[in-house]
Amino acid sequence: MTIRPDDRLLDAPMQPLTCRRCGAGVQVRKASWHQTSVQWNADATGTCQERRTAGAGVFAGCAALRDSIVQAALDGEIAVPEES
Amino acid sequence: MTAVEAGNDDIRRIEAEAVPTRFARGWHCLGLSEKFKDGKPHTVKAFGQKLVVFQSGDGKLNVLDAYCRHMGGDLSQGEIKGDEIACPFHDWRWGGDGRCKKIPYSRRVPLRARTASWVTMDQDGLLFVWNDPEGNPPPPEVTIPRMEGATRDDWTDWVWTETVVHTNCREVVDNVVDMAHFFYVHYSFPTYFKNIFEGHVATQIMKGTGRQDTRPPAKDGEPKLLGNDSVASYHGPSFMIDELTYHYDTMDINSVLINAHYPIDANSFVLHSGIIVQRTDTLPGPAADEMARKMSSFILKGFDQDVQIWKNKARIDNPLLCEEDGPVYQLRRWYEQFYVDVADVRPEMVERFEFELDTTRPVEAWKREVEENLARKAAELSASTGRPA
Ligand code: FES
Ligand SMILES: [Fe+2]
(Lines give C-alpha, C1' and ligand atoms only; values in the text may rest on other atoms or scores of the structure.)
(Ligands and ions follow the chains in the order given, each with its own letter.)
Protein backbone atom coordinates (compact mmCIF):
# COMPACT_ATOMS: atom_id res chain seq x y z
CA MET A 1 0.00 0.00 0.00
CA THR A 2 1.19 3.48 -0.75
CA ILE A 3 1.86 5.64 2.28
CA ARG A 4 -0.23 8.74 1.86
CA PRO A 5 0.37 12.10 3.47
CA ASP A 6 -2.10 13.60 5.92
CA ASP A 7 -3.74 16.43 3.96
CA ARG A 8 -4.34 18.38 7.12
CA LEU A 9 -0.62 19.12 7.22
CA LEU A 10 -0.88 21.06 3.96
CA ASP A 11 -2.82 23.87 5.61
CA ALA A 12 -0.83 23.82 8.85
CA PRO A 13 2.43 21.90 8.77
CA MET A 14 4.35 20.48 11.72
CA GLN A 15 6.76 23.02 13.21
CA PRO A 16 10.20 22.36 14.68
CA LEU A 17 10.57 22.65 18.43
CA THR A 18 13.43 22.04 20.83
CA CYS A 19 12.86 20.70 24.31
CA ARG A 20 13.97 23.33 26.83
CA ARG A 21 15.26 20.64 29.20
CA CYS A 22 17.26 18.25 27.02
CA GLY A 23 17.42 19.89 23.63
CA ALA A 24 15.69 17.07 21.76
CA GLY A 25 14.42 18.36 18.44
CA VAL A 26 10.92 17.31 17.42
CA GLN A 27 8.15 18.44 15.07
CA VAL A 28 5.00 19.79 16.67
CA ARG A 29 1.55 20.73 15.55
CA LYS A 30 -1.47 21.98 17.43
CA ALA A 31 -4.90 21.75 15.86
CA SER A 32 -6.39 23.51 18.89
CA TRP A 33 -5.51 24.29 22.50
CA HIS A 34 -6.63 20.77 23.35
CA GLN A 35 -4.84 18.90 20.59
CA THR A 36 -1.12 18.30 20.10
CA SER A 37 0.80 16.11 17.64
CA VAL A 38 4.48 15.35 18.10
CA GLN A 39 6.71 13.69 15.53
CA TRP A 40 9.94 12.33 16.95
CA ASN A 41 12.91 10.90 15.13
CA ALA A 42 15.62 8.53 16.30
CA ASP A 43 17.87 11.42 17.41
CA ALA A 44 15.15 12.90 19.56
CA THR A 45 14.21 9.61 21.26
CA GLY A 46 17.92 9.07 21.92
CA THR A 47 18.30 12.56 23.43
CA CYS A 48 15.18 12.82 25.57
CA GLN A 49 16.17 12.38 29.22
CA GLU A 50 12.83 11.09 30.45
CA ARG A 51 12.63 8.68 27.57
CA ARG A 52 16.05 7.25 28.35
CA THR A 53 15.31 6.68 32.03
CA ALA A 54 11.77 5.36 31.50
CA GLY A 55 11.08 1.76 32.49
CA ALA A 56 9.62 -0.97 30.34
CA GLY A 57 6.15 -0.62 28.89
CA VAL A 58 4.58 2.29 27.07
CA PHE A 59 6.38 5.61 27.44
CA ALA A 60 3.37 7.90 27.68
CA GLY A 61 5.34 11.06 26.95
CA CYS A 62 7.94 13.49 28.23
CA ALA A 63 6.72 16.04 30.80
CA ALA A 64 9.53 18.49 30.01
CA LEU A 65 8.75 18.36 26.30
CA ARG A 66 5.09 18.84 27.07
CA ASP A 67 5.90 21.95 29.13
CA SER A 68 8.12 23.24 26.32
CA ILE A 69 5.26 22.83 23.86
CA VAL A 70 2.78 24.55 26.16
CA GLN A 71 5.17 27.45 26.65
CA ALA A 72 5.87 27.70 22.91
CA ALA A 73 2.13 27.75 22.23
CA LEU A 74 1.50 30.41 24.87
CA ASP A 75 4.37 32.45 23.46
CA GLY A 76 2.96 32.18 19.97
CA GLU A 77 5.93 30.21 18.64
CA ILE A 78 3.72 27.25 17.87
CA ALA A 79 0.60 28.26 16.01
CA VAL A 80 -2.76 27.48 17.58
CA PRO A 81 -5.74 28.03 15.27
CA GLU A 82 -8.45 30.29 16.62
CA GLU A 83 -11.51 28.37 17.69
CA SER A 84 -14.85 29.74 16.64
CA MET B 1 -4.00 1.21 -8.60
CA THR B 2 -7.70 1.47 -9.00
CA ALA B 3 -7.61 5.09 -7.90
CA VAL B 4 -10.02 7.36 -9.68
CA GLU B 5 -8.40 10.62 -10.68
CA ALA B 6 -10.24 13.68 -9.53
CA GLY B 7 -11.67 15.55 -12.46
CA ASN B 8 -11.91 19.28 -12.65
CA ASP B 9 -15.08 19.27 -10.60
CA ASP B 10 -14.99 19.54 -6.84
CA ILE B 11 -16.34 16.14 -5.94
CA ARG B 12 -14.11 14.26 -3.54
CA ARG B 13 -13.38 10.79 -4.88
CA ILE B 14 -12.94 7.77 -2.66
CA GLU B 15 -9.71 6.03 -3.56
CA ALA B 16 -8.76 2.48 -2.69
CA GLU B 17 -5.95 0.31 -3.93
CA ALA B 18 -6.57 -3.40 -4.16
CA VAL B 19 -6.35 -5.06 -0.73
CA PRO B 20 -2.86 -6.45 -0.10
CA THR B 21 -2.36 -10.06 -1.11
CA ARG B 22 0.39 -10.40 1.46
CA PHE B 23 -0.34 -11.08 5.14
CA ALA B 24 1.17 -9.13 7.98
CA ARG B 25 4.41 -10.12 9.59
CA GLY B 26 3.90 -10.67 13.31
CA TRP B 27 2.44 -12.69 16.13
CA HIS B 28 -1.19 -13.66 15.65
CA CYS B 29 -3.36 -15.20 18.32
CA LEU B 30 -5.37 -18.28 17.34
CA GLY B 31 -7.36 -18.29 20.57
CA LEU B 32 -7.33 -20.18 23.87
CA SER B 33 -4.63 -22.84 23.76
CA GLU B 34 -6.89 -25.19 25.79
CA LYS B 35 -9.09 -25.58 22.75
CA PHE B 36 -6.25 -27.20 20.79
CA LYS B 37 -5.29 -29.60 23.56
CA ASP B 38 -8.11 -32.14 23.15
CA GLY B 39 -5.95 -34.77 21.45
CA LYS B 40 -7.33 -33.95 17.99
CA PRO B 41 -5.88 -31.99 15.10
CA HIS B 42 -7.65 -28.71 14.32
CA THR B 43 -8.27 -26.97 11.02
CA VAL B 44 -7.52 -23.26 10.99
CA LYS B 45 -7.93 -21.11 7.91
CA ALA B 46 -5.44 -18.29 8.17
CA PHE B 47 -3.08 -16.23 5.99
CA GLY B 48 -4.92 -17.39 2.88
CA GLN B 49 -4.14 -21.04 3.64
CA LYS B 50 -5.44 -24.04 5.48
CA LEU B 51 -3.41 -24.91 8.56
CA VAL B 52 -3.38 -27.82 10.94
CA VAL B 53 -2.89 -27.17 14.66
CA PHE B 54 -1.98 -30.18 16.76
CA GLN B 55 -0.52 -30.94 20.16
CA SER B 56 2.36 -33.37 20.00
CA GLY B 57 2.97 -35.97 22.69
CA ASP B 58 5.48 -33.65 24.37
CA GLY B 59 2.66 -31.16 25.03
CA LYS B 60 3.79 -28.61 22.47
CA LEU B 61 1.30 -26.97 20.10
CA ASN B 62 2.40 -27.10 16.46
CA VAL B 63 1.16 -25.40 13.33
CA LEU B 64 1.77 -26.75 9.83
CA ASP B 65 0.37 -26.22 6.38
CA ALA B 66 -2.61 -28.58 6.36
CA TYR B 67 -1.88 -30.11 2.97
CA CYS B 68 0.35 -33.16 3.00
CA ARG B 69 3.28 -32.89 0.64
CA HIS B 70 2.83 -36.54 -0.44
CA MET B 71 -0.44 -36.47 -2.36
CA GLY B 72 -2.16 -33.47 -0.83
CA GLY B 73 -4.11 -35.13 1.98
CA ASP B 74 -5.62 -32.84 4.62
CA LEU B 75 -3.56 -33.34 7.77
CA SER B 76 -6.19 -31.61 9.89
CA GLN B 77 -8.46 -34.60 9.14
CA GLY B 78 -5.73 -36.95 10.30
CA GLU B 79 -4.72 -38.31 13.68
CA ILE B 80 -2.11 -37.39 16.24
CA LYS B 81 0.30 -40.29 16.69
CA GLY B 82 2.94 -39.61 19.35
CA ASP B 83 4.78 -36.43 18.46
CA GLU B 84 3.53 -36.40 14.87
CA ILE B 85 0.44 -35.71 12.86
CA ALA B 86 -0.48 -38.66 10.66
CA CYS B 87 -2.03 -37.99 7.27
CA PRO B 88 -5.46 -39.62 6.76
CA PHE B 89 -4.54 -40.57 3.17
CA HIS B 90 -1.39 -42.76 3.45
CA ASP B 91 -0.35 -42.26 7.08
CA TRP B 92 2.81 -40.21 6.48
CA ARG B 93 3.95 -38.77 9.82
CA TRP B 94 4.84 -35.09 10.07
CA GLY B 95 6.62 -33.47 13.01
CA GLY B 96 5.97 -30.02 14.41
CA ASP B 97 9.20 -28.83 12.73
CA GLY B 98 7.63 -29.54 9.34
CA ARG B 99 9.73 -32.61 8.58
CA CYS B 100 8.35 -35.97 7.59
CA LYS B 101 9.58 -38.37 10.28
CA LYS B 102 8.23 -41.65 9.03
CA ILE B 103 6.38 -43.38 6.23
CA PRO B 104 5.04 -46.60 7.77
CA TYR B 105 5.14 -48.55 4.47
CA SER B 106 8.51 -47.26 3.28
CA ARG B 107 12.05 -47.79 4.48
CA ARG B 108 13.20 -44.29 3.63
CA VAL B 109 11.73 -40.81 3.85
CA PRO B 110 12.51 -38.96 0.60
CA LEU B 111 14.75 -35.92 0.66
CA ARG B 112 12.83 -32.65 0.58
CA ALA B 113 10.07 -34.12 2.73
CA ARG B 114 9.56 -30.87 4.49
CA THR B 115 6.43 -28.75 4.73
CA ALA B 116 5.68 -25.22 5.91
CA SER B 117 5.62 -24.81 9.68
CA TRP B 118 4.89 -21.78 11.83
CA VAL B 119 6.71 -20.79 15.00
CA THR B 120 4.25 -21.07 17.89
CA MET B 121 4.07 -19.62 21.39
CA ASP B 122 1.80 -20.91 24.14
CA GLN B 123 1.61 -18.10 26.65
CA ASP B 124 -0.93 -16.91 29.23
CA GLY B 125 -3.39 -19.55 28.05
CA LEU B 126 -3.28 -18.34 24.46
CA LEU B 127 -1.82 -19.83 21.30
CA PHE B 128 0.17 -17.49 19.07
CA VAL B 129 1.67 -18.12 15.63
CA TRP B 130 4.41 -16.09 14.04
CA ASN B 131 3.66 -15.21 10.44
CA ASP B 132 6.45 -13.94 8.23
CA PRO B 133 6.22 -13.98 4.44
CA GLU B 134 10.03 -13.83 4.38
CA GLY B 135 10.24 -16.93 6.53
CA ASN B 136 12.40 -15.48 9.31
CA PRO B 137 11.95 -16.35 12.99
CA PRO B 138 10.60 -13.65 15.34
CA PRO B 139 13.27 -11.21 16.54
CA PRO B 140 13.56 -11.35 20.34
CA GLU B 141 12.37 -7.75 20.85
CA VAL B 142 9.17 -8.38 18.90
CA THR B 143 7.10 -10.24 21.41
CA ILE B 144 3.78 -10.30 23.20
CA PRO B 145 4.19 -9.09 26.79
CA ARG B 146 3.09 -11.35 29.60
CA MET B 147 -0.25 -10.56 31.23
CA GLU B 148 0.15 -11.14 34.93
CA GLY B 149 -3.52 -11.58 35.67
CA ALA B 150 -3.92 -14.34 33.08
CA THR B 151 -2.25 -16.92 35.29
CA ARG B 152 -3.13 -15.59 38.72
CA ASP B 153 -5.77 -17.01 41.04
CA ASP B 154 -7.03 -13.59 42.07
CA TRP B 155 -8.11 -12.96 38.49
CA THR B 156 -10.90 -14.71 36.58
CA ASP B 157 -10.28 -17.14 33.72
CA TRP B 158 -10.49 -15.82 30.19
CA VAL B 159 -13.95 -15.16 28.83
CA TRP B 160 -13.18 -15.56 25.16
CA THR B 161 -15.19 -15.02 21.98
CA GLU B 162 -14.47 -15.49 18.27
CA THR B 163 -16.35 -13.95 15.36
CA VAL B 164 -15.75 -14.16 11.62
CA VAL B 165 -15.90 -10.77 9.94
CA HIS B 166 -16.12 -10.41 6.18
CA THR B 167 -13.91 -7.48 5.38
CA ASN B 168 -10.20 -6.70 5.25
CA CYS B 169 -8.65 -6.48 8.71
CA ARG B 170 -7.37 -2.93 8.26
CA GLU B 171 -10.84 -1.80 9.34
CA VAL B 172 -10.41 -3.12 12.86
CA VAL B 173 -6.93 -1.64 13.23
CA ASP B 174 -8.22 1.80 12.13
CA ASN B 175 -10.29 1.89 15.33
CA VAL B 176 -7.14 2.65 17.33
CA VAL B 177 -7.25 6.26 16.19
CA ASP B 178 -10.93 6.78 15.63
CA MET B 179 -11.85 8.97 18.58
CA ALA B 180 -15.13 10.15 17.19
CA HIS B 181 -16.50 6.65 16.65
CA PHE B 182 -16.30 5.94 20.38
CA PHE B 183 -18.92 8.60 20.89
CA TYR B 184 -21.17 7.76 17.98
CA VAL B 185 -20.78 4.00 17.79
CA HIS B 186 -19.90 2.99 21.34
CA TYR B 187 -21.57 5.73 23.39
CA SER B 188 -18.55 6.62 25.44
CA PHE B 189 -17.20 10.09 25.93
CA PRO B 190 -13.41 10.46 25.96
CA THR B 191 -12.13 13.47 27.92
CA TYR B 192 -8.52 12.50 27.29
CA PHE B 193 -7.20 10.61 24.29
CA LYS B 194 -3.70 9.83 23.16
CA ASN B 195 -2.12 7.72 20.45
CA ILE B 196 1.51 6.74 20.50
CA PHE B 197 3.12 4.83 17.64
CA GLU B 198 6.65 3.66 18.14
CA GLY B 199 8.49 0.64 16.79
CA HIS B 200 6.05 -2.23 16.39
CA VAL B 201 3.71 -0.93 19.12
CA ALA B 202 0.69 1.32 18.63
CA THR B 203 -1.01 2.61 21.75
CA GLN B 204 -4.26 4.27 22.59
CA ILE B 205 -4.68 5.88 25.98
CA MET B 206 -8.17 6.96 26.87
CA LYS B 207 -9.90 8.38 29.89
CA GLY B 208 -13.58 8.75 29.60
CA THR B 209 -16.98 8.97 31.12
CA GLY B 210 -20.06 7.15 29.93
CA ARG B 211 -22.50 9.21 27.93
CA GLN B 212 -25.24 10.24 30.36
CA ASP B 213 -27.81 10.27 27.59
CA THR B 214 -27.38 6.59 26.69
CA ARG B 215 -27.31 4.79 30.02
CA PRO B 216 -29.83 4.72 32.84
CA PRO B 217 -28.67 6.50 36.00
CA ALA B 218 -27.53 4.17 38.80
CA LYS B 219 -30.33 3.19 41.16
CA ASP B 220 -30.00 3.94 44.86
CA GLY B 221 -27.48 1.62 46.49
CA GLU B 222 -25.92 0.56 43.20
CA PRO B 223 -22.33 1.61 42.60
CA LYS B 224 -22.19 4.66 40.41
CA LEU B 225 -19.83 4.57 37.42
CA LEU B 226 -17.64 7.64 37.43
CA GLY B 227 -15.38 6.91 34.50
CA ASN B 228 -12.80 4.64 32.96
CA ASP B 229 -9.11 4.56 32.25
CA SER B 230 -7.72 2.53 29.42
CA VAL B 231 -4.24 1.90 28.06
CA ALA B 232 -4.44 -0.29 24.99
CA SER B 233 -1.49 -1.34 22.84
CA TYR B 234 -1.24 -3.30 19.64
CA HIS B 235 1.90 -5.39 19.94
CA GLY B 236 2.45 -5.91 16.25
CA PRO B 237 -0.28 -5.93 13.61
CA SER B 238 -3.01 -7.89 15.33
CA PHE B 239 -2.86 -8.35 19.08
CA MET B 240 -4.07 -5.60 21.37
CA ILE B 241 -3.87 -5.70 25.15
CA ASP B 242 -6.09 -3.19 26.89
CA GLU B 243 -5.59 -2.50 30.57
CA LEU B 244 -8.96 -1.13 31.50
CA THR B 245 -10.05 0.18 34.88
CA TYR B 246 -13.59 1.19 35.70
CA HIS B 247 -13.90 3.74 38.48
CA TYR B 248 -17.03 3.50 40.61
CA ASP B 249 -17.86 5.67 43.59
CA THR B 250 -17.28 2.68 45.87
CA MET B 251 -14.57 0.68 44.07
CA ASP B 252 -12.27 0.24 41.08
CA ILE B 253 -12.58 -2.72 38.74
CA ASN B 254 -9.37 -3.80 37.02
CA SER B 255 -9.58 -5.80 33.87
CA VAL B 256 -7.50 -6.81 30.88
CA LEU B 257 -9.20 -6.87 27.52
CA ILE B 258 -7.85 -8.52 24.41
CA ASN B 259 -8.84 -7.34 20.99
CA ALA B 260 -7.12 -9.53 18.45
CA HIS B 261 -7.59 -10.91 14.98
CA TYR B 262 -5.98 -13.07 12.38
CA PRO B 263 -6.67 -12.85 8.66
CA ILE B 264 -8.46 -15.78 7.03
CA ASP B 265 -7.77 -14.25 3.64
CA ALA B 266 -7.61 -10.76 2.14
CA ASN B 267 -11.32 -10.20 2.67
CA SER B 268 -12.11 -11.84 5.98
CA PHE B 269 -10.67 -12.25 9.43
CA VAL B 270 -11.42 -13.85 12.76
CA LEU B 271 -12.01 -11.27 15.47
CA HIS B 272 -11.28 -12.31 19.05
CA SER B 273 -12.26 -10.70 22.29
CA GLY B 274 -10.94 -11.83 25.62
CA ILE B 275 -11.33 -10.55 29.11
CA ILE B 276 -10.10 -11.24 32.62
CA VAL B 277 -11.19 -9.34 35.72
CA GLN B 278 -9.41 -9.00 39.02
CA ARG B 279 -11.18 -10.38 42.08
CA THR B 280 -11.17 -8.05 45.09
CA ASP B 281 -12.88 -7.81 48.46
CA THR B 282 -15.65 -5.77 46.91
CA LEU B 283 -15.67 -8.00 43.82
CA PRO B 284 -15.03 -11.53 45.12
CA GLY B 285 -14.98 -14.84 43.18
CA PRO B 286 -18.37 -15.30 41.52
CA ALA B 287 -19.07 -11.57 41.34
CA ALA B 288 -15.87 -11.10 39.31
CA ASP B 289 -16.84 -13.99 37.01
CA GLU B 290 -20.22 -12.40 36.52
CA MET B 291 -18.57 -9.04 35.82
CA ALA B 292 -16.24 -10.64 33.24
CA ARG B 293 -19.22 -12.23 31.50
CA LYS B 294 -21.12 -8.95 31.52
CA MET B 295 -18.16 -7.02 30.16
CA SER B 296 -17.63 -9.65 27.49
CA SER B 297 -21.18 -9.32 26.25
CA PHE B 298 -20.81 -5.55 26.37
CA ILE B 299 -17.65 -5.80 24.20
CA LEU B 300 -19.47 -8.12 21.83
CA LYS B 301 -22.19 -5.53 21.50
CA GLY B 302 -19.48 -3.03 20.62
CA PHE B 303 -18.05 -5.42 18.02
CA ASP B 304 -21.51 -5.89 16.55
CA GLN B 305 -21.85 -2.16 16.18
CA ASP B 306 -18.48 -2.01 14.43
CA VAL B 307 -19.31 -4.99 12.21
CA GLN B 308 -22.57 -3.35 11.10
CA ILE B 309 -20.52 -0.40 9.91
CA TRP B 310 -17.76 -2.50 8.30
CA LYS B 311 -20.21 -4.73 6.42
CA ASN B 312 -21.62 -1.78 4.54
CA LYS B 313 -18.79 0.70 4.29
CA ALA B 314 -16.30 1.28 1.49
CA ARG B 315 -12.58 0.68 1.80
CA ILE B 316 -11.03 4.12 1.69
CA ASP B 317 -7.34 4.98 1.33
CA ASN B 318 -7.89 8.72 1.30
CA PRO B 319 -10.23 9.46 4.20
CA LEU B 320 -11.21 13.11 4.33
CA LEU B 321 -10.36 14.20 7.83
CA CYS B 322 -11.32 17.17 9.92
CA GLU B 323 -9.08 18.53 12.66
CA GLU B 324 -11.08 16.69 15.31
CA ASP B 325 -10.28 13.30 13.79
CA GLY B 326 -7.42 11.12 14.99
CA PRO B 327 -4.15 10.34 13.16
CA VAL B 328 -5.50 7.85 10.63
CA TYR B 329 -2.70 8.43 8.11
CA GLN B 330 0.04 8.14 10.71
CA LEU B 331 -1.48 4.91 12.00
CA ARG B 332 -1.58 3.43 8.54
CA ARG B 333 2.02 4.51 7.99
CA TRP B 334 2.89 2.54 11.16
CA TYR B 335 0.76 -0.43 10.04
CA GLU B 336 2.54 -0.58 6.68
CA GLN B 337 5.76 -1.84 8.34
CA PHE B 338 4.13 -5.26 8.71
CA TYR B 339 3.39 -5.54 5.00
CA VAL B 340 6.87 -4.88 3.61
CA ASP B 341 10.11 -6.86 3.90
CA VAL B 342 12.13 -6.06 7.00
CA ALA B 343 14.77 -4.44 4.77
CA ASP B 344 12.12 -2.06 3.41
CA VAL B 345 10.82 -0.80 6.76
CA ARG B 346 11.47 2.93 6.60
CA PRO B 347 12.24 5.12 9.65
CA GLU B 348 8.98 7.05 9.27
CA MET B 349 7.02 3.80 9.82
CA VAL B 350 8.58 3.15 13.22
CA GLU B 351 9.60 6.55 14.55
CA ARG B 352 7.66 7.76 17.54
CA PHE B 353 4.56 9.77 16.84
CA GLU B 354 2.17 11.18 19.44
CA PHE B 355 -1.31 12.55 19.05
CA GLU B 356 -2.96 13.92 22.15
CA LEU B 357 -6.35 15.38 22.92
CA ASP B 358 -6.74 16.75 26.41
CA THR B 359 -9.98 18.53 27.13
CA THR B 360 -9.51 18.75 30.89
CA ARG B 361 -8.53 22.41 30.76
CA PRO B 362 -11.15 24.64 29.17
CA VAL B 363 -10.18 26.77 26.18
CA GLU B 364 -11.07 29.93 28.11
CA ALA B 365 -8.31 29.15 30.62
CA TRP B 366 -5.79 28.86 27.80
CA LYS B 367 -6.90 32.12 26.27
CA ARG B 368 -6.74 33.92 29.59
CA GLU B 369 -3.17 32.75 30.04
CA VAL B 370 -2.20 33.96 26.58
CA GLU B 371 -3.64 37.38 27.35
CA GLU B 372 -1.85 37.56 30.70
CA ASN B 373 1.30 36.52 28.89
CA LEU B 374 0.93 39.30 26.33
CA ALA B 375 0.11 41.87 28.99
CA ARG B 376 3.17 40.86 31.01
CA LYS B 377 5.41 41.11 27.96
CA ALA B 378 4.01 44.49 27.07
CA ALA B 379 4.63 45.65 30.63
CA GLU B 380 8.21 44.34 30.51
CA LEU B 381 8.75 46.04 27.19
CA SER B 382 7.44 49.38 28.40
CA ALA B 383 9.50 49.07 31.59
CA SER B 384 12.69 48.42 29.63
CA THR B 385 12.08 51.10 27.01
CA GLY B 386 10.44 53.54 29.38
CA ARG B 387 7.58 53.96 26.93
CA PRO B 388 3.98 53.02 27.73
CA ALA B 389 2.84 49.83 25.97
S1 FES C 1 -1.27 -37.62 0.95
FE2 FES C 1 -0.59 -37.62 2.95
S3 FES C 1 0.21 -39.56 3.21
FE4 FES C 1 -0.35 -39.55 1.16
FE1 LIG D 1 -15.18 0.31 17.68
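The values are calculated or read from the model by the stated rules, or taken from the named source; none is laboratory data. Being a predicted model, the structure only gives us computed values, none of them experimental. Counting neighbours? That spans all protein chains shown, and the Cβs are built from the backbone with ideal geometry, glycine included. Heads up: the accessible areas ignore ligands, DNA and RNA and are worked out on the full protein's heavy atoms, side chains in. Shrake-Rupley method; radii C 1.70, N 1.55, O 1.52, S 1.80 Å.
Scanning residues 5 or more positions from A:Arg20 or on other chains, those with amide H under 5 Å from its amide H are A:Ser68, with H placed 1.01 Å from N in the peptide plane. Rolled with a 1.4 Å probe across the full set of protein chains, the surface gives A:Ile3 an accessible area near 40 Å². Residues whose amide H comes within less than 5 Å of that of B:Ile144, counting only those at least five positions distant or on another chain, are absent (H built at 1.01 Å from N in the peptide plane). Could you work out which residue, out of A:Asp43, A:Asp67, A:Asp11, moves most in a Gaussian network model of chain A, that is, has the largest mean-square fluctuation with Cα springs under 10 Å? Checking each option, the largest mean-square fluctuation is seen for A:Asp11. Ellipticity at 222 nm from helices only: DSSP H runs of n ≥ 4 in chain B, each -39500 (n - 2.57), divided by the residue count, give -6000 deg cm²/dmol. Neighbours of A:Asp67 by Cβ distance under 10 Å: Lys/Arg scored +1, Asp/Glu scored -1, total +3. Set Lys and Arg Cβ to +1 and Asp and Glu Cβ to -1, take the dipole of the protein assembly as shown about its Cα centre, and tell me which of B:Thr360, B:His166, B:Met179 lies farthest positive. The residue sitting most towards the positive pole is B:His166.
Across chain A, the mean sequence separation of Cα contacts (distance under 8 Å, 6 or more residues apart), normalised by length, yields a relative contact order of 28 percent. Taking Lys and Arg as +1 and Asp and Glu as -1, the other residues whose beta-carbon sits under 15 Å from that of B:Lys102 total +3. Taking Cα atoms only, the orientation of helix A:63-74 departs from the longest principal axis of chain A by about 30 degrees. When you filter the trypsin sites (Lys or Arg not before Pro) in segment A:1-71 for DSSP loop state and at most 16 other Cβ atoms inside 10 Å of their Cβ, you are left with A:Arg20, A:Arg21. Whats the longest run of chain B with zero GluC sites (Glu not before Pro) that are DSSP loop and have at most 14 other Cβ atoms within 10 Å? Here the longest run is B:142-322. Within the shell defined by Cβ-Cβ distances under 12 Å, the residues around A:Pro16 carry a net charge of 0, with Lys and Arg each +1 and Asp and Glu each -1. Residue by residue along A:24-33, Cβ atoms of other protein chains within 10 Å of the local Cβ number 3 on average. Per-residue shielding of A:58-71, expressed as the average number of other chain Cβ atoms within 10 Å of the residue Cβ, stands at 3. Amide H to amide H distances under 5 Å link B:Glu15 with B:Asp317, B:Asn318, where only residues 5 or more positions off or on other chains count and H is placed in the peptide plane.
Expressed as a fraction of 2.2 N^0.38 Å, the value expected for a compact globular protein of N residues, the C-alpha radius of gyration of chain A is 1.17. Would you mind calculating the relative contact order of segment B:26-131 from Cα pairs under 8 angstrom and at least 6 residues apart, reporting the percent as a whole number? Reported as a whole number, the value is 28 percent.
In chain A, the calculated helix contribution to ellipticity at 222 nm averages -8000 deg cm²/dmol per residue, counting -39,500 (n - 2.57) for every DSSP H run with n ≥ 4. Each semi-axis of the equivalent ellipsoid for chain B is √(5λ) with λ an eigenvalue of the Cα gyration tensor; in descending order they amount to 47, 28, 20 Å. Any of B:Lys81/B:Lys101; A:Lys30/B:Lys313; B:Lys40/B:Lys311 with alpha carbons more than 23 Å apart? Name them for me. Among B:Lys81/B:Lys101; A:Lys30/B:Lys313; B:Lys40/B:Lys311, the Cα-Cα distance tops 23 Å for A:Lys30/B:Lys313; B:Lys40/B:Lys311. Find me the longest stretch of chain B that has none of the exposed chymotrypsin sites (Phe, Trp or Tyr not before Pro), where exposed means in a DSSP loop (not H, G, I, E or B) with at most 16 other Cβ atoms within 10 Å. That would be B:188-389. Karplus-derived 3J(HN,Hα) values for segment B:73-79, using 6.51 cos²θ - 1.76 cosθ + 1.60 with θ = phi - 60°, are x, 8, 4, 6, 9, x, 9 Hz; glycine and proline are entered as x. Whole-Hz Karplus values for segment A:5-14 come out as x, 7, 4, 4, 6, 5, 6, 9, x, 5 Hz, taken residue by residue from phi with 6.51 cos²θ - 1.76 cosθ + 1.60 and θ = phi - 60°; glycine and proline positions read x. Note on chain B: with a GNM built from Cα contacts shorter than 10 Å, the maximum mean-square fluctuation among B:Gln337, B:Gln204, B:Gln305 falls on B:Gln305. Remark: the protein assembly as shown is approximated by an ellipsoid whose semi-axes, taken from the C-alpha gyration tensor as √(5λ), come to 47, 27, 21 Å, largest first. Taken about its Cα centre, segment B:148-358 carries a charge dipole of roughly 520 debye when the Cβ of each Lys and Arg holds +1 and the Cβ of each Asp and Glu holds -1. Mean partner shielding of peptide A:45-52, defined as the number of other chain Cβ atoms within 10 Å of each residue Cβ, is 1. Sequentially through segment A:46-61, phi angles give Karplus couplings (6.51, -1.76, 1.60; θ = phi - 60°) of x, 7, 4, 4, 5, 5, 6, 9, 5, x, 5, x, 5, 8, 6, x Hz, Gly and Pro residues having no value and appearing as x. Among the cysteines of chain B, those with no neighbouring cysteine Cβ under 4.7 Å are B:Cys29, B:Cys100, B:Cys169, B:Cys322.
The calculated FRET efficiency for B:Tyr105 paired with B:Ser56, based on their beta-carbon distance and R0 = 22 Å, is about 0.50.
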